[in-house]
Amino acid sequence: MRLSLAAGEVSGDQLGAGLLQALLNLEPDLLPAGVGGPALARAGCRIWQPMDTLSVMGLWEVLGKLPELLRFRRHFLQRLHQWQPDLYLGIDAPDFNFPVEARLKQRGVPTVHYVSPSVWAWREKRVERIRESCDHVLCLLPFEVDFYARHDIPATFVGHPFARQIPLQPDRQAARDRLALDDGHRWVALLPGSRMGELQRLAPRFLQAAQYMLRQEPELAFALPAAGPKQQAWLQQQITQAGLQAHILCLNGHARCVMQACETGLIASGTAALEAMLCKLPMVVAYQVHPMTATLIRWLKLMKTRQFSLPNILHGGALVTELIQEQATPEHLASESLRLLRDPQQQQAQTRRFTELHHQLRQDSDRLAAEVILRVAGR
């Protein structure tokens, strides 16, 4: 069976790798190939094109890379046409994957999309595009299946693989020991994102927030995991320019270990916030898109929910503090982070609810998703 797939960023690469291993256990003769990163490559996928080009998010940001993205997709479709897959698996990256899925579905190739886009939160009209593109949607969050049922789109809740990978009660001291963190400091995790666009917008604000926090709490130290060597080199340069090299440990990877080791965190909204929730890390969540993207979202009234971070969406209300766009000033990020750091009761309230949500998401995700894919493929 020939399986073609495309993942667009680090989180999709990791999700796809676990799923691919489960598929190979069930279907040893599987031949996987497509767009991905190092995790998918290690899992046995033949990488035709690296996923770096697809790591872009936001309406305005995509416009700047549109010619490159269209050229990338055109070459990918040509390769798919030559290879003639038995099934196509789009892993997140909806703006890239849905047009590919639609083209293949028209040719009679079964298509599955892994990770529902947040159509229940914003740009709900995309549901018609999903109907045209996907034979089946694999959902990470339980309430998404009900949304698709209302629109007569086949969908299955498979849980989130991270919820099985991460223990319900992480060993914070063991994580500190692995990272050799000095017990004389109170450690705060800084995760400003994995894409360079995110880093360029959020990292300087996070670093300035760290400066403000150190003025009030000199015993603090910060751990900042980078998504890769390129991001680490850029972040290290920013840290040096800010004069914070004595206060911030910048690592290549180890994000999950950092989340398990630190006392609180300042986290970019997205998969990192969900992972931090599963690691039981009390947090403040922030995000900032390009100003033109924010203007378009507001003008077109594309946002349908009050909350934007996954912990709050799963909770159904304000569980963690969210700071977005103009609210995400260094001063505000610092004051909210310090408020959480100084409030053990709020930290405990967050971690109790995080544990309850962890139980909800804890399914045999990779195997469930693999079984659905083989069923859709007629296996």
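Readers should treat all values here as calculations from the given coordinates under stated rules, not as data from a laboratory. Keep in mind that this is a model prediction, so the values were computed, not measured. Cβ coordinates were reconstructed from backbone atoms using ideal geometry, including for glycine residues, and neighbour counts include every protein chain displayed.
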*Enter the per residue convex hull volume of the chain, computed from alpha-carbon coordinates, in Å³ rounded to the nearest integer.*
130
*Local electrostatic count, His359, Cβ distance below 12 Å [Lys/Arg +1, Asp/Glu -1]*: +3
*Leu31 versus Gln211, label points 7 Å from Cα toward the beta carbon: distance in nm?*
5.7
*Could you give the size of the charge dipole of the chain about its Cα centre, using +1 on the Cβ of each K and R and -1 on the Cβ of each D and E, expressed in debye and rounded to the nearest 20?*
720
*asked:* Taking the 0 to 90 degree range and rounding to the nearest ten, how far is the long axis of helix 66-83 tilted relative to the main principal axis of the chain, both from C-alpha atoms?
replied: 40
*Put +1 on the Cβ of each Lys and Arg and -1 on the Cβ of each Asp and Glu in the chain; which of Gln360, Tyr114, Val188 then has its Cα farthest toward the positive end of the dipole?*
Tyr114
*Semi-axes of the range 172-361's equivalent ellipsoid from the Cα gyration tensor, sqrt of 5 times each eigenvalue, largest first, rounded to whole Å?*
24, 21, 15
*Projected onto the charge dipole of the chain (+1 at Lys/Arg Cβ, -1 at Asp/Glu Cβ, origin at the Cα centre), which of Cys45, Tyr212, Ala227 gives the Cα projection farthest towards the positive end?*
Cys45
*asked:* Checking the a/c ratio against 1.5 first, then a/b against b/c, what shape does the Cα gyration tensor give for the range 187-228?
replied: oblate
*asked:* For Leu138, Leu368, Leu340, which order do you get if you count the other beta carbons within 10 Å of each Cβ and list the fewest first?
replied: Leu368, Leu340, Leu138
*Within the range 84-123, backbone nitrogen closer than 13 Å to the virtual label 7 Å beyond the Cα of Gln49 toward Cβ*: 96-101
*Let me have the relative contact order for the range 138-295, percent, based on Cα pairs under 8 Å that are six or more residues apart.*
26
*Convex hull of the range 81-192 built on C-alpha atoms - directionally averaged projected area, nm²*: 10.5
*Got the relative contact order for the range 201-251 handy, in percent, Cα pairs under 8 Å and 6 or more residues apart?*
43
*Using only Cα atoms, find the angle between the long axis of helix 344-361 and the longest principal axis of the chain, and express it within 0 to 90 degrees, rounded to the nearest 10.*
10
